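Engineer: The structure's right below; bear with me while I get my questions together.
The values are calculated or read from the model by the stated rules, or taken from the named source; none is laboratory data. Quick caveat: nothing in here was measured; it's all calculated off a predicted structure. Cβ: placed from backbone, ideal geometry, glycine included. Neighbour counts: every protein chain shown.
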Ligand SMILES: [Zn+2]
């Protein structure tokens, strides 16, 4: 059987695990934001610019606070040295982050459902 060559994807991926930014949902962090002992990676998220261990520990901003700022300033790509993927979309990214957060919450207690008053 003739084999079709697989389309080359970005060959930059160094690890097979996905590290997702808890602020913006960017899924190409080089390292987990926090390791098992809670140590910060000091990595700067290319997407939102949050630096784990600095923005939170040194500047005292929570993920939620920083995310809110990022959204209010237009959800711009942060890294100057690295370009976003062609299909990068801040809103899609945030939506998948919200979804995974919702799914995680479901384990502990039922998600809150907001019903519009009739
Ligand atoms: Zn981020």
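Engineer: Can you pull out every residue in segment 48-62 that is surrounded by 14 or more Cβ atoms within 10 Å (Cβ to Cβ) and either on the phi > 0 side of the Ramachandran plot or modelled with pLDDT under 95 (or both)?
Structural biologist: Listed by number, the residues that qualify are 49, 53.
Engineer: Something else about it: Restricting to segment 4-35, give me the number of residues that are more than 21 Å from residue 89 (Cβ to Cβ) and modelled with pLDDT under 90.
Structural biologist: Residues flagged as more than 21 Å from residue 89 (Cβ to Cβ) and modelled with pLDDT under 90 within segment 4-35 amount to 9.
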